[in-house]
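The values are calculated or read from the model by the stated rules, or taken from the named source; none is laboratory data. Computed from a predicted structure; not experimentally measured. As a convention, Cβ positions derive from the backbone with ideal geometry for all residues, glycine included, and neighbour counts pool all protein chains shown.
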Amino acid sequence: MPKTGAAAASRFRRRYHAVTGNLYVYIGGEDRPYHLFDVPPDQTAAPIDQFLAGDSGVVQCDAHGNDNALFEPKNTGSAIPDPQQPPPKECGCHAHCRRHFVEAGKTEPDWVKEFLTLDKNLYKIEAEIKGLPLEERSDRRQSESVPILDALFDLCRQCKDDAAIVPKSPLGQACAYALNNEAALRLYCTDGRLNLDNNVSERTLREFVIGRKNWLFFGNPNAAKKSAVIMSVLSSARRHSLNEWEYLVDVLSRVSDWNPHLDSWENLLPDRWVPSPTPPTEAAALVSARESVCPVFKRPAALRH
């Protein structure tokens, strides 16, 4: 199933010094409708490989260097893929591709105008097919988006062959990025579940990054993992338009008196959660006290959807 990911740097406080690790977010598909954060205390590719071990679906990402080991044929030089467990397919992000061309606009405005016009047409199609059945989305992409992609990559090759465009120039690098990831940038047209970009990951990651400006660093790697768990729960609840405070109060109250023989843990997940018909006394008191102190937590029903 499709998943998206994004990364940002995070700092960890160790005994005598601070070290830098990556902050990852994984956005599950419709079969796994959750947001999961991971904050490993290093910047290697190993945490991604471990998290997605055994996954043979589609992963949408931004061609970050740490993602390369996941996909074939990039990883076939170091190991022979297991035919019983093929690696996931890579789906590229057109927002990142577009960003490279925008940066080249200062030096090559005429070339870049052509690229951005094509890119704008791709996003126009996505706006028109939003909410349509998956099969219809895929058919529209095949008939309308694929020809635009053909034109875009042909333009990249023309640019690459132009002696006036230096390979190390911003435009030369933008074309190289697009051509090196052509297969990944085309993949979304084959499956209506996939998106043109992974901006949802970037937006979700920003929730954590904004907080990072306040706390600056994590006390230690264990504290980072616990923070990631809390943010995963809150962000997943937000994805399903839940009031995070009410959800946490209800779930934590029920967990404290949980009987696994009467109910399943899965029923507490954000997409399955149903508020207690009669909230525990302590939980009701907490919610009431919170709303009286800070009414913003009592959001109107219209804002929850």
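With respect to (1) modelled with pLDDT under 95; (2) farther than 29 Å from GLN50 by Cβ; (3) surrounded by fewer than 18 Cβ atoms within 10 Å (Cβ to Cβ), the lone exception for ASN121 is condition (1).
Listed here are the strands (runs of 3 or more DSSP E) enclosed by the range 1-60 that have at least 3 residues being at pLDDT 60 or above: 18-27, 35-38, 58-60.
Regarding ALA183, is this residue part of a helix (DSSP H, G or I) and surrounded by fewer than 17 Cβ atoms within 10 Å (Cβ to Cβ)? Against the criterion (part of a helix (DSSP H, G or I) and surrounded by fewer than 17 Cβ atoms within 10 Å (Cβ to Cβ)), ALA183 qualifies. Pairs meeting the criteria (first residue in the range 111-131 and over 23 Å from CYS159 (Cβ atoms), second residue of a type outside the set (A, V, I, L, M), beta carbons under 6 Å, at least 6 apart or on different chains) are ILE125/GLU144; ILE125/SER145; ILE129/ARG137; ILE129/ARG140. Filtering ARG203, ARG140 for residues that are at pLDDT 95 or above and within 30 Å of GLY105 (Cβ to Cβ) leaves a single hit, ARG140. Tell me whether the range 27-39 contains one or more residues that are among the small types (Gly, Ala, Ser) and either in contact with a strand residue (DSSP E or B) (Cβ under 8 Å, 6 or more places away or on another chain) or not assigned by TED's automatic domain parsing to the domain that holds PRO86 (or both). There is at least one residue in the range 27-39 that is among the small types (Gly, Ala, Ser) and either in contact with a strand residue (DSSP E or B) (Cβ under 8 Å, 6 or more places away or on another chain) or not assigned by TED's automatic domain parsing to the domain that holds PRO86 (or both). Of all residues in the range 227-262, those that are more than 26 Å from GLY29 (Cβ to Cβ) and either surrounded by fewer than 17 Cβ atoms within 10 Å (Cβ to Cβ) or touching a strand residue (DSSP E or B) at 6+ places or on another chain (Cβ under 6 Å) (or both) total 9.
So TRP273 clears everything in (1) under 27 Å from the mean Cα position of the chain (by Cα); (2) modelled with pLDDT of 60 or more; (3) in a helix (DSSP H, G or I) except one condition, right? Which one? (3) is the only condition that TRP273 fails. Is there a residue in the range 161-168 that is surrounded by 17 or more Cβ atoms within 10 Å (Cβ to Cβ) and either among the acidic types (Asp, Glu) or in a helix (DSSP H, G or I) (or both)? No: the range 161-168 contains no residue that is surrounded by 17 or more Cβ atoms within 10 Å (Cβ to Cβ) and either among the acidic types (Asp, Glu) or in a helix (DSSP H, G or I) (or both). Restricting to the range 200-211, what's the tally of residues that are farther than 24 Å from ARG272 by Cβ and either outside the structural domain of GLY29 (by TED's automatic domain parsing) or among the small types (Gly, Ala, Ser) (or both)? Matching residues across the range 200-211 total 1. Counting the residues of the range 133-147 that are loosely packed, with under 14 Cβ neighbours inside 10 Å and in contact (Cβ under 8 Å) with a residue 12 or more places away in the chain gives 6.
Contact map, the range 157-173: residues that are free of Cβ contacts under 8 Å to residues at least 40 places away in the same chain paired with residues that are in a helix (DSSP H, G or I) and among the basic types (Lys, Arg), Cβ distance under 8 Å, separation 6+ or inter-chain. Pairs shown: PRO167/LYS160; GLY172/LYS160. Of the residues making up the range 82-110, those that are over 17 Å from the mean Cα position of the chain (by Cα) and touching a residue at least 12 places away in the same chain (Cβ under 8 Å) are GLN85, PRO86, PRO87, ARG98, HIS100, PHE101, VAL102, GLU103, ALA104, LYS106, THR107, GLU108.
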